[in-house]
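Student: One structure coming up, written as C-alpha coordinates, with questions to follow.
The values are calculated or read from the model by the stated rules, or taken from the named source; none is laboratory data. Keep in mind it's a predicted model, so treat the numbers as computed, not measured. Because the Cβ atoms are built from the backbone with ideal geometry, glycine has one as well, and the counts that use them run over all protein chains shown. The protein model used for the area step is the full one, side chains on, heavy atoms only, and it has no ligands, DNA or RNA in it. Shrake-Rupley method; radii C 1.70, N 1.55, O 1.52, S 1.80 Å.
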Amino acid sequence: MGEGELKLLGTWGSPFAIRVRIVLNQKEVKYEYFEEDLTNKSELLLKYNPIHKKIPVLVHNGRSVCESLVILQYIDEAWSKSGSSVIPTDPYERAMARFWAAYIDDKVIQALLGILKATTEEEKTYKISETMSVMELLEEAFEKCSKGKTFFGGDTIGFLDVTLGSYLTWLKAAEKLSELILLDETKFPKLVEWTEQFLSTDCVKEIMPEVEKAEEFITKTLKPRWAAASSK
Amino acid sequence: MEAEEMELFGIWSSPYVLRVIWALNIKKIKYKYIEEDLNNKSNLLLHYNPVYKKVPVLVYKGKPICESMIIVEFIEETWKNDSIFPKDPYEKAKARFLAKFVEDKLSPPMWRFFTTKGKDQEEAYESFTDYLAILERELEGKEFFGGENIGFVDILLGCMSYVVPIYEEITDFEIITKEKFPLLHAWMQAFLSSDIVRDNLPPRDELLYRYRKIREAFLSKDN
(Lines give C-alpha, C1' and ligand atoms only; values in the text may rest on other atoms or scores of the structure.)
Protein backbone atom coordinates (compact mmCIF):
# COMPACT_ATOMS: atom_id res chain seq x y z
CA MET A 1 0.00 0.00 0.00
CA GLY A 2 2.72 2.40 0.96
CA GLU A 3 4.87 2.23 -2.18
CA GLY A 4 4.70 4.57 -5.08
CA GLU A 5 5.32 8.18 -5.79
CA LEU A 6 5.03 10.54 -2.87
CA LYS A 7 5.10 14.33 -2.89
CA LEU A 8 4.54 16.80 -0.08
CA LEU A 9 3.71 20.45 -0.63
CA GLY A 10 4.50 22.60 2.37
CA THR A 11 6.23 25.67 3.75
CA TRP A 12 9.25 25.77 6.05
CA GLY A 13 7.39 27.37 8.92
CA SER A 14 3.91 25.88 8.79
CA PRO A 15 3.24 23.76 11.90
CA PHE A 16 0.81 21.76 9.77
CA ALA A 17 3.50 20.87 7.24
CA ILE A 18 6.17 20.38 9.92
CA ARG A 19 4.13 17.71 11.69
CA VAL A 20 3.65 15.71 8.47
CA ARG A 21 7.37 15.91 7.68
CA ILE A 22 8.32 14.70 11.15
CA VAL A 23 6.07 11.66 10.81
CA LEU A 24 7.34 10.82 7.30
CA ASN A 25 10.86 11.11 8.74
CA GLN A 26 10.02 8.88 11.66
CA LYS A 27 8.60 6.23 9.34
CA GLU A 28 11.63 6.63 7.03
CA VAL A 29 9.32 7.18 4.08
CA LYS A 30 10.95 8.86 1.08
CA TYR A 31 9.16 11.75 -0.57
CA GLU A 32 9.74 14.72 -2.82
CA TYR A 33 9.28 18.00 -0.97
CA PHE A 34 7.99 21.17 -2.62
CA GLU A 35 8.43 24.46 -0.76
CA GLU A 36 5.44 26.61 -1.64
CA ASP A 37 5.32 30.38 -1.88
CA LEU A 38 1.89 31.17 -0.51
CA THR A 39 1.91 34.63 -2.07
CA ASN A 40 2.30 32.95 -5.47
CA LYS A 41 0.67 29.53 -5.29
CA SER A 42 1.96 26.90 -7.67
CA GLU A 43 -0.09 25.07 -10.31
CA LEU A 44 0.58 21.90 -8.33
CA LEU A 45 -1.00 23.33 -5.18
CA LEU A 46 -4.04 24.67 -7.01
CA LYS A 47 -4.45 21.32 -8.77
CA TYR A 48 -4.13 19.14 -5.69
CA ASN A 49 -6.01 21.31 -3.19
CA PRO A 50 -8.53 23.23 -5.28
CA ILE A 51 -10.99 23.65 -2.41
CA HIS A 52 -8.74 25.26 0.21
CA LYS A 53 -5.59 26.06 -1.81
CA LYS A 54 -3.60 25.48 1.38
CA ILE A 55 -0.65 23.41 2.49
CA PRO A 56 0.23 20.76 3.49
CA VAL A 57 -0.89 18.53 0.66
CA LEU A 58 0.31 14.96 0.40
CA VAL A 59 0.17 13.51 -3.11
CA HIS A 60 0.43 9.73 -3.17
CA ASN A 61 0.45 8.10 -6.60
CA GLY A 62 -1.24 11.16 -8.04
CA ARG A 63 -4.02 11.33 -5.45
CA SER A 64 -4.05 14.16 -2.95
CA VAL A 65 -4.75 14.09 0.77
CA CYS A 66 -5.30 17.44 2.49
CA GLU A 67 -5.66 18.69 6.09
CA SER A 68 -2.71 17.83 8.32
CA LEU A 69 -4.49 15.61 10.86
CA VAL A 70 -6.21 13.73 8.03
CA ILE A 71 -2.79 13.29 6.37
CA LEU A 72 -1.22 11.96 9.59
CA GLN A 73 -3.92 9.31 9.92
CA TYR A 74 -3.61 8.43 6.24
CA ILE A 75 0.17 7.95 6.58
CA ASP A 76 -0.43 5.69 9.57
CA GLU A 77 -2.89 3.55 7.63
CA ALA A 78 -0.98 3.49 4.33
CA TRP A 79 2.41 2.80 5.95
CA SER A 80 1.17 0.72 8.84
CA LYS A 81 4.16 -1.62 8.63
CA SER A 82 6.79 1.14 8.77
CA GLY A 83 7.92 2.34 12.17
CA SER A 84 5.64 2.78 15.13
CA SER A 85 1.99 3.82 14.98
CA VAL A 86 1.40 7.55 14.85
CA ILE A 87 -2.00 7.41 16.49
CA PRO A 88 -2.74 4.96 19.35
CA THR A 89 -4.39 1.68 18.42
CA ASP A 90 -6.93 1.54 21.27
CA PRO A 91 -10.20 3.29 20.22
CA TYR A 92 -10.54 5.23 23.48
CA GLU A 93 -6.93 6.44 23.34
CA ARG A 94 -7.45 7.39 19.70
CA ALA A 95 -10.48 9.45 20.73
CA MET A 96 -8.40 11.19 23.39
CA ALA A 97 -5.61 11.89 20.89
CA ARG A 98 -8.09 13.33 18.37
CA PHE A 99 -9.77 15.41 21.08
CA TRP A 100 -6.55 16.99 22.28
CA ALA A 101 -5.22 17.48 18.74
CA ALA A 102 -8.37 19.41 17.84
CA TYR A 103 -8.04 21.41 21.07
CA ILE A 104 -4.38 22.21 20.36
CA ASP A 105 -5.08 23.37 16.81
CA ASP A 106 -8.05 25.41 18.02
CA LYS A 107 -6.26 27.15 20.90
CA VAL A 108 -2.49 27.33 20.45
CA ILE A 109 -2.25 29.48 17.30
CA GLN A 110 -4.93 31.85 18.61
CA ALA A 111 -3.06 32.12 21.91
CA LEU A 112 0.31 32.92 20.28
CA LEU A 113 -1.20 35.33 17.77
CA GLY A 114 -3.11 37.00 20.58
CA ILE A 115 0.11 37.74 22.43
CA LEU A 116 2.03 38.89 19.34
CA LYS A 117 -0.75 41.09 18.00
CA ALA A 118 -1.69 42.72 21.33
CA THR A 119 -1.49 46.49 21.04
CA THR A 120 -1.83 47.39 24.73
CA GLU A 121 -0.21 46.01 27.90
CA GLU A 122 -3.67 45.18 29.22
CA GLU A 123 -4.51 43.14 26.14
CA LYS A 124 -1.13 41.41 26.25
CA THR A 125 -1.59 40.46 29.91
CA TYR A 126 -5.02 39.06 29.17
CA LYS A 127 -3.75 37.05 26.20
CA ILE A 128 -0.87 35.69 28.26
CA SER A 129 -3.22 34.49 30.99
CA GLU A 130 -5.42 32.83 28.36
CA THR A 131 -2.33 31.05 27.04
CA MET A 132 -1.41 29.93 30.55
CA SER A 133 -4.87 28.34 30.96
CA VAL A 134 -4.36 26.43 27.71
CA MET A 135 -0.95 25.23 28.88
CA GLU A 136 -2.35 24.10 32.24
CA LEU A 137 -4.82 21.89 30.44
CA LEU A 138 -2.08 20.55 28.17
CA GLU A 139 0.11 19.76 31.18
CA GLU A 140 -2.81 17.67 32.58
CA ALA A 141 -3.43 16.09 29.18
CA PHE A 142 0.24 15.12 29.00
CA GLU A 143 0.02 13.35 32.35
CA LYS A 144 -3.04 11.40 31.26
CA CYS A 145 -1.81 10.50 27.78
CA SER A 146 1.87 9.75 28.51
CA LYS A 147 1.13 7.49 31.49
CA GLY A 148 4.53 8.24 32.95
CA LYS A 149 6.45 7.83 29.69
CA THR A 150 8.47 10.36 27.73
CA PHE A 151 5.97 11.44 25.08
CA PHE A 152 2.22 11.95 24.69
CA GLY A 153 2.45 8.87 22.49
CA GLY A 154 4.36 6.84 25.13
CA ASP A 155 7.89 5.67 24.35
CA THR A 156 7.88 7.10 20.86
CA ILE A 157 6.61 10.31 19.28
CA GLY A 158 2.96 10.13 18.27
CA PHE A 159 0.00 12.10 17.01
CA LEU A 160 -0.20 14.58 19.88
CA ASP A 161 3.54 15.04 20.12
CA VAL A 162 3.81 16.18 16.52
CA THR A 163 0.60 18.23 16.70
CA LEU A 164 1.76 20.28 19.69
CA GLY A 165 5.45 20.00 18.91
CA SER A 166 5.02 21.57 15.49
CA TYR A 167 4.23 24.88 17.21
CA LEU A 168 7.36 24.97 19.37
CA THR A 169 9.53 27.13 17.11
CA TRP A 170 6.76 29.76 16.98
CA LEU A 171 6.10 29.49 20.69
CA LYS A 172 9.78 30.13 21.44
CA ALA A 173 9.83 33.00 18.95
CA ALA A 174 6.79 34.53 20.67
CA GLU A 175 8.54 34.15 24.05
CA LYS A 176 11.64 35.98 22.84
CA LEU A 177 9.85 38.75 20.98
CA SER A 178 7.41 39.40 23.81
CA GLU A 179 10.07 38.96 26.50
CA LEU A 180 8.17 36.41 28.51
CA ILE A 181 8.38 32.77 29.50
CA LEU A 182 5.50 30.57 28.48
CA LEU A 183 7.30 27.25 28.90
CA ASP A 184 7.79 27.86 32.61
CA GLU A 185 9.20 24.75 34.27
CA THR A 186 7.90 25.73 37.68
CA LYS A 187 4.34 25.81 36.31
CA PHE A 188 4.55 23.17 33.57
CA PRO A 189 7.41 20.84 34.53
CA LYS A 190 6.19 17.91 32.44
CA LEU A 191 5.60 20.00 29.31
CA VAL A 192 9.02 21.61 29.59
CA GLU A 193 10.69 18.22 29.97
CA TRP A 194 8.67 16.92 27.04
CA THR A 195 9.74 19.91 24.92
CA GLU A 196 13.41 19.11 25.45
CA GLN A 197 12.92 15.42 24.66
CA PHE A 198 10.84 16.18 21.59
CA LEU A 199 13.23 18.73 20.12
CA SER A 200 16.25 16.50 20.62
CA THR A 201 14.72 13.54 18.76
CA ASP A 202 16.42 12.88 15.42
CA CYS A 203 13.35 12.83 13.23
CA VAL A 204 12.34 16.21 14.68
CA LYS A 205 15.72 17.98 14.74
CA GLU A 206 16.09 17.86 10.98
CA ILE A 207 12.72 19.48 10.34
CA MET A 208 12.11 22.11 13.04
CA PRO A 209 13.01 25.57 11.79
CA GLU A 210 15.41 27.79 13.74
CA VAL A 211 13.76 30.11 16.25
CA GLU A 212 15.75 33.05 14.80
CA LYS A 213 14.21 32.46 11.37
CA ALA A 214 10.72 32.52 12.91
CA GLU A 215 11.53 35.68 14.88
CA GLU A 216 12.75 37.36 11.71
CA PHE A 217 9.65 36.32 9.81
CA ILE A 218 7.38 37.68 12.55
CA THR A 219 9.28 40.95 12.79
CA LYS A 220 9.91 41.62 9.09
CA THR A 221 6.86 40.07 7.44
CA LEU A 222 3.98 39.35 9.81
CA LYS A 223 4.00 42.42 12.01
CA PRO A 224 4.08 44.86 9.07
CA ARG A 225 1.30 42.84 7.44
CA TRP A 226 -0.84 43.04 10.58
CA ALA A 227 -0.15 46.76 10.97
CA ALA A 228 -1.18 47.41 7.34
CA ALA A 229 -4.36 45.36 7.77
CA SER A 230 -5.43 47.16 10.94
CA SER A 231 -4.82 50.61 9.51
CA LYS A 232 -7.23 49.97 6.61
CA MET B 1 -24.12 -5.10 25.92
CA GLU B 2 -26.39 -3.59 28.52
CA ALA B 3 -27.78 -0.12 27.82
CA GLU B 4 -26.22 1.02 31.13
CA GLU B 5 -22.74 0.55 29.71
CA MET B 6 -23.47 3.33 27.19
CA GLU B 7 -24.86 6.73 28.14
CA LEU B 8 -25.42 9.70 25.88
CA PHE B 9 -25.79 13.21 27.29
CA GLY B 10 -27.63 15.50 24.89
CA ILE B 11 -30.34 18.01 24.19
CA TRP B 12 -33.33 17.29 21.94
CA SER B 13 -32.57 20.03 19.46
CA SER B 14 -28.84 19.55 18.91
CA PRO B 15 -27.77 18.34 15.46
CA TYR B 16 -24.44 17.27 17.02
CA VAL B 17 -26.23 14.94 19.42
CA LEU B 18 -28.26 13.51 16.55
CA ARG B 19 -25.07 12.55 14.71
CA VAL B 20 -24.19 10.31 17.62
CA ILE B 21 -27.69 8.84 17.83
CA TRP B 22 -27.63 8.01 14.12
CA ALA B 23 -24.22 6.34 14.46
CA LEU B 24 -25.40 4.32 17.47
CA ASN B 25 -28.44 3.27 15.42
CA ILE B 26 -26.31 2.16 12.46
CA LYS B 27 -24.30 -0.05 14.79
CA LYS B 28 -27.46 -1.23 16.58
CA ILE B 29 -26.07 -0.19 19.96
CA LYS B 30 -28.35 0.17 22.99
CA TYR B 31 -27.81 3.22 25.16
CA LYS B 32 -29.33 5.29 27.91
CA TYR B 33 -30.15 8.85 26.89
CA ILE B 34 -29.91 11.74 29.37
CA GLU B 35 -31.52 15.05 28.40
CA GLU B 36 -29.48 17.99 29.70
CA ASP B 37 -30.69 21.49 30.49
CA LEU B 38 -27.93 23.73 29.13
CA ASN B 39 -29.05 26.60 31.36
CA ASN B 40 -28.52 24.34 34.37
CA LYS B 41 -25.81 21.86 33.44
CA SER B 42 -25.68 18.71 35.51
CA ASN B 43 -22.65 17.92 37.66
CA LEU B 44 -22.20 14.77 35.61
CA LEU B 45 -21.90 16.75 32.36
CA LEU B 46 -19.38 19.14 33.91
CA HIS B 47 -17.44 16.16 35.24
CA TYR B 48 -17.42 14.33 31.92
CA ASN B 49 -16.71 17.36 29.71
CA PRO B 50 -14.76 19.83 31.84
CA VAL B 51 -13.02 21.42 28.84
CA TYR B 52 -16.03 22.45 26.75
CA LYS B 53 -19.00 21.68 29.06
CA LYS B 54 -21.09 20.84 25.99
CA VAL B 55 -23.22 18.05 24.59
CA PRO B 56 -22.99 15.46 23.15
CA VAL B 57 -20.93 13.41 25.57
CA LEU B 58 -20.83 9.65 25.17
CA VAL B 59 -19.88 7.69 28.26
CA TYR B 60 -18.86 4.08 27.62
CA LYS B 61 -18.02 1.92 30.62
CA GLY B 62 -17.59 5.08 32.65
CA LYS B 63 -15.16 6.77 30.24
CA PRO B 64 -16.32 9.94 28.47
CA ILE B 65 -15.79 10.86 24.83
CA CYS B 66 -16.58 14.39 23.64
CA GLU B 67 -17.03 16.17 20.28
CA SER B 68 -19.50 14.58 17.87
CA MET B 69 -17.07 13.73 15.04
CA ILE B 70 -14.68 12.11 17.50
CA ILE B 71 -17.52 10.18 19.14
CA VAL B 72 -18.69 8.82 15.78
CA GLU B 73 -15.14 7.68 14.93
CA PHE B 74 -14.91 6.02 18.34
CA ILE B 75 -18.16 4.16 17.72
CA GLU B 76 -16.88 3.05 14.29
CA GLU B 77 -13.58 1.79 15.69
CA THR B 78 -15.08 -0.02 18.67
CA TRP B 79 -17.93 -1.82 16.89
CA LYS B 80 -16.91 -3.59 13.68
CA ASN B 81 -20.39 -4.31 12.27
CA ASP B 82 -22.07 -2.02 9.70
CA SER B 83 -19.13 0.18 8.74
CA ILE B 84 -19.52 3.94 8.71
CA PHE B 85 -16.17 4.48 6.99
CA PRO B 86 -14.72 3.02 3.80
CA LYS B 87 -11.96 0.44 4.33
CA ASP B 88 -9.50 1.93 1.85
CA PRO B 89 -7.15 4.48 3.55
CA TYR B 90 -7.47 6.97 0.69
CA GLU B 91 -11.28 6.83 0.64
CA LYS B 92 -11.24 7.12 4.43
CA ALA B 93 -9.03 10.22 4.16
CA LYS B 94 -11.47 11.69 1.62
CA ALA B 95 -14.36 11.11 4.02
CA ARG B 96 -12.49 12.77 6.90
CA PHE B 97 -11.54 15.68 4.63
CA LEU B 98 -15.12 16.23 3.49
CA ALA B 99 -16.36 16.01 7.06
CA LYS B 100 -13.93 18.74 8.09
CA PHE B 101 -15.00 20.76 5.07
CA VAL B 102 -18.64 20.55 6.20
CA GLU B 103 -17.69 21.66 9.74
CA ASP B 104 -15.19 24.39 8.89
CA LYS B 105 -16.36 25.80 5.56
CA LEU B 106 -20.04 25.04 5.02
CA SER B 107 -21.56 25.46 8.48
CA PRO B 108 -20.32 28.98 9.37
CA PRO B 109 -21.80 30.77 6.32
CA MET B 110 -25.03 28.78 6.65
CA TRP B 111 -25.35 30.00 10.21
CA ARG B 112 -24.41 33.53 9.19
CA PHE B 113 -27.04 33.38 6.46
CA PHE B 114 -29.70 32.35 8.96
CA THR B 115 -28.80 34.95 11.57
CA THR B 116 -28.39 38.04 9.37
CA LYS B 117 -30.27 40.02 6.76
CA GLY B 118 -29.57 42.30 3.82
CA LYS B 119 -26.07 42.36 2.34
CA ASP B 120 -24.53 40.15 5.06
CA GLN B 121 -27.15 37.52 4.40
CA GLU B 122 -26.67 37.69 0.64
CA GLU B 123 -22.90 37.32 0.93
CA ALA B 124 -23.29 34.35 3.24
CA TYR B 125 -25.77 32.81 0.79
CA GLU B 126 -23.27 33.17 -2.09
CA SER B 127 -20.54 31.58 0.05
CA PHE B 128 -22.36 28.50 1.09
CA THR B 129 -23.99 27.96 -2.29
CA ASP B 130 -20.47 27.61 -3.74
CA TYR B 131 -19.71 25.01 -1.09
CA LEU B 132 -22.96 23.15 -1.75
CA ALA B 133 -21.84 22.86 -5.38
CA ILE B 134 -18.73 21.03 -4.19
CA LEU B 135 -20.87 18.56 -2.26
CA GLU B 136 -23.19 18.15 -5.25
CA ARG B 137 -20.20 17.02 -7.34
CA GLU B 138 -19.18 14.53 -4.65
CA LEU B 139 -22.56 12.84 -4.90
CA GLU B 140 -22.21 12.00 -8.60
CA GLY B 141 -23.09 8.36 -9.20
CA LYS B 142 -24.02 7.81 -5.54
CA GLU B 143 -27.14 7.85 -3.43
CA PHE B 144 -25.23 8.67 -0.26
CA PHE B 145 -21.76 10.14 0.30
CA GLY B 146 -20.96 6.75 1.80
CA GLY B 147 -22.07 5.02 -1.44
CA GLU B 148 -24.99 2.62 -1.10
CA ASN B 149 -25.22 3.13 2.64
CA ILE B 150 -25.12 6.08 4.99
CA GLY B 151 -21.54 6.84 5.99
CA PHE B 152 -19.49 9.35 7.95
CA VAL B 153 -20.07 12.35 5.70
CA ASP B 154 -23.81 11.61 5.49
CA ILE B 155 -23.98 11.56 9.29
CA LEU B 156 -22.02 14.81 9.60
CA LEU B 157 -24.07 16.61 6.97
CA GLY B 158 -27.32 14.89 7.90
CA CYS B 159 -28.87 17.66 9.98
CA MET B 160 -28.93 19.78 6.83
CA SER B 161 -31.66 17.49 5.52
CA TYR B 162 -34.12 18.77 8.11
CA VAL B 163 -32.66 22.19 8.90
CA VAL B 164 -32.50 23.51 5.33
CA PRO B 165 -36.29 23.23 4.76
CA ILE B 166 -36.76 25.09 8.05
CA TYR B 167 -34.33 27.82 6.99
CA GLU B 168 -36.13 28.06 3.64
CA GLU B 169 -39.50 28.45 5.33
CA ILE B 170 -38.31 31.09 7.80
CA THR B 171 -36.14 33.18 5.46
CA ASP B 172 -38.14 32.67 2.27
CA PHE B 173 -34.96 31.80 0.35
CA GLU B 174 -34.56 28.77 -1.90
CA ILE B 175 -31.51 26.83 -0.83
CA ILE B 176 -31.59 23.22 -2.03
CA THR B 177 -34.08 22.66 -4.80
CA LYS B 178 -34.41 19.95 -7.45
CA GLU B 179 -33.40 22.50 -10.08
CA LYS B 180 -30.35 23.95 -8.33
CA PHE B 181 -28.92 20.86 -6.62
CA PRO B 182 -30.72 17.76 -7.90
CA LEU B 183 -28.36 15.28 -6.26
CA LEU B 184 -28.34 17.00 -2.88
CA HIS B 185 -32.10 17.32 -3.05
CA ALA B 186 -32.47 13.60 -3.69
CA TRP B 187 -29.90 12.86 -0.96
CA MET B 188 -31.94 14.83 1.57
CA GLN B 189 -35.05 12.76 0.83
CA ALA B 190 -33.14 9.47 0.91
CA PHE B 191 -31.46 10.40 4.18
CA LEU B 192 -34.66 11.53 5.91
CA SER B 193 -36.54 8.40 4.91
CA SER B 194 -33.78 5.96 5.92
CA ASP B 195 -34.37 3.56 8.80
CA ILE B 196 -31.79 5.04 11.12
CA VAL B 197 -32.98 8.61 10.68
CA ARG B 198 -36.73 8.48 10.10
CA ASP B 199 -37.74 7.94 13.71
CA ASN B 200 -34.87 9.93 15.15
CA LEU B 201 -35.56 13.51 14.23
CA PRO B 202 -36.52 16.39 16.48
CA PRO B 203 -40.22 17.37 16.31
CA ARG B 204 -40.55 19.78 13.37
CA ASP B 205 -43.01 22.23 14.91
CA GLU B 206 -40.92 22.71 18.02
CA LEU B 207 -37.79 23.10 15.93
CA LEU B 208 -39.47 25.63 13.65
CA TYR B 209 -40.54 27.65 16.69
CA ARG B 210 -37.05 27.43 18.19
CA TYR B 211 -35.29 28.53 14.99
CA ARG B 212 -37.71 31.43 14.47
CA LYS B 213 -36.92 32.66 17.98
CA ILE B 214 -33.17 32.31 17.32
CA ARG B 215 -33.36 34.38 14.12
CA GLU B 216 -35.49 37.04 15.83
CA ALA B 217 -33.00 37.27 18.69
CA PHE B 218 -30.06 37.72 16.33
CA LEU B 219 -31.81 40.30 14.17
CA SER B 220 -32.98 42.34 17.15
CA LYS B 221 -29.40 42.38 18.52
CA ASP B 222 -28.29 44.24 15.40
CA ASN B 223 -30.92 46.96 15.76
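Student: Could you tell me which of the residues A:ALA78, A:ALA102, A:ALA17, A:ALA95 is more than 12 Å from chain B (Cβ to nearest Cβ) and among the hydrophobic types (A, V, I, L, M, F, W, C)?
Tutor: None of the others qualify; the one that does is A:ALA17.
Student: Can you pull out every residue in segment B:148-159 that is open to solvent by less than 30 Å² (accessible area, probe 1.4 Å) and free of Cβ contacts under 8 Å to residues at least 40 places away in the same chain?
Tutor: B:ASP154
Student: Determine the pairs where a residue that is surrounded by 12 or more Cβ atoms within 10 Å (Cβ to Cβ), located within segment A:205-232, has a partner that is basic (Lys, Arg) with Cβ atoms under 8 Å apart, the partner being 6 or more residues away or on another chain.
Tutor: Cβ pairs passing all conditions: A:ILE207/A:ARG21; A:VAL211/A:LYS172; A:VAL211/A:LYS176; A:ALA214/A:LYS172; A:GLU215/A:LYS176; A:TRP226/A:LYS117.
Student: Follow-up. Surrounded by 20 or more Cβ atoms within 10 Å (Cβ to Cβ), closer than 30 Å to A:PRO88 by Cβ and within 10 Å of another protein chain (Cβ to nearest Cβ) - does that describe any residue in segment A:51-62?
Tutor: yes
Student: Would you list the helices (runs of 4 or more DSSP H) that sit entirely within segment B:20-139 and hold 1 or more residues that are touching a helix residue (DSSP H, G or I) at 6+ places or on another chain (Cβ under 6 Å)?
Tutor: Here the list reads B:68-78, B:89-101, B:107-114, B:118-138.
Student: I'm trying to understand the selection: among the residues of segment A:34-46, which are in contact (Cβ under 8 Å) with a residue 12 or more places away in the chain and either closer than 20 Å to A:ALA101 by Cα or part of a helix (DSSP H, G or I) (or both)?
Tutor: Listed by number, the residues that qualify are A:LEU44, A:LEU45.
Student: Exactly one condition in (1) closer than 22 Å to A:ARG63 by Cβ; (2) at pLDDT 95 or above; (3) within 11 Å of chain A (Cβ to nearest Cβ); (4) surrounded by fewer than 22 Cβ atoms within 10 Å (Cβ to Cβ) is not met by B:THR78; state its number.
Tutor: (1)
Student: Restricting the search to segment B:140-163, which residues are outside any loop (DSSP other than H, G, I, E, B) and acidic (Asp, Glu)?
Tutor: B:ASP154
Student: Now, a different point. For segment A:147-167, enumerate the residues that are of a type outside the set (Phe, Trp, Tyr) and surrounded by fewer than 22 Cβ atoms within 10 Å (Cβ to Cβ).
Tutor: A:LYS147, A:GLY148, A:LYS149, A:THR150, A:GLY154, A:ASP155, A:THR156
Student: Does A:ILE71 satisfy the criteria of being crowded, with 21+ Cβ neighbours inside 10 Å, more than 7 Å from every other protein chain (Cβ to nearest Cβ), farther than 16 Å from B:LYS92 by Cα and not polar (S, T, N, Q)?
Tutor: no
Student: Inspect all residues belonging to segment B:163-180 and state whether any of them is surrounded by 20 or more Cβ atoms within 10 Å (Cβ to Cβ) and within 14 Å of chain A (Cβ to nearest Cβ).
Tutor: Scanning segment B:163-180, I find no residue that is surrounded by 20 or more Cβ atoms within 10 Å (Cβ to Cβ) and within 14 Å of chain A (Cβ to nearest Cβ), so the answer is no.
Student: For the list (1) of a type outside the set (S, T, N, Q); (2) closer than 25 Å to B:TYR125 by Cα; (3) within 11 Å of another protein chain (Cβ to nearest Cβ), I need the number of the one condition that B:LYS92 fails.
Tutor: Against the list (1) of a type outside the set (S, T, N, Q); (2) closer than 25 Å to B:TYR125 by Cα; (3) within 11 Å of another protein chain (Cβ to nearest Cβ), B:LYS92 comes up short only on (2).
Student: Follow-up. Sort out which residues of segment B:45-64 are open to solvent by less than 40 Å² (accessible area, probe 1.4 Å), more than 11 Å from chain A (Cβ to nearest Cβ) and either more than 18 Å from B:LEU18 (Cβ to Cβ) or out of contact with any strand residue (DSSP E or B) (no Cβ under 8 Å at 6 or more places or on another chain) (or both), and write them in order of number.
Tutor: Answer for segment B:45-64, where residues must be open to solvent by less than 40 Å² (accessible area, probe 1.4 Å), more than 11 Å from chain A (Cβ to nearest Cβ) and either more than 18 Å from B:LEU18 (Cβ to Cβ) or out of contact with any strand residue (DSSP E or B) (no Cβ under 8 Å at 6 or more places or on another chain) (or both): just B:TYR48.
Student: Here's another thing I want to ask about it. Consider only pairs whose beta carbons are under 6 Å apart and that are at least six residues apart or on different chains; among these, list those whose first residue lies in segment B:176-197 and is at pLDDT 95 or above and whose second residue is exposed (fewer than 13 other Cβ atoms within 10 Å of the Cβ).
Tutor: Here the result reads B:HIS185/B:LYS178, each pair linking segment B:176-197 to a residue that is exposed (fewer than 13 other Cβ atoms within 10 Å of the Cβ).
Student: Counting only residues that are within 24 Å of A:LEU222 (Cα to Cα) and without any contact (Cβ under 8 Å) to a residue 24 or more places away in the chain, which one in segment A:78-118 is surrounded by the fewest Cβ atoms within 10 Å (Cβ to Cβ)?
Tutor: Among those residues, the one meeting the criterion is A:ASP106.
Student: Can you report the number of residues in segment A:13-33 which are open to solvent by less than 60 Å² (accessible area, probe 1.4 Å), within 22 Å of A:PHE217 (Cα to Cα) and not in a helix (DSSP H, G or I)?
Tutor: So the count comes out to 2.
Student: Here is a follow-up. Could you list all residues from segment A:141-160 that are under 13 Å from A:VAL192 (Cα atoms) and either assigned to a helix (DSSP H, G or I) or within 14 Å of chain B (Cβ to nearest Cβ) (or both)?
Tutor: Hits for segment A:141-160 are A:PHE142, A:GLU143.
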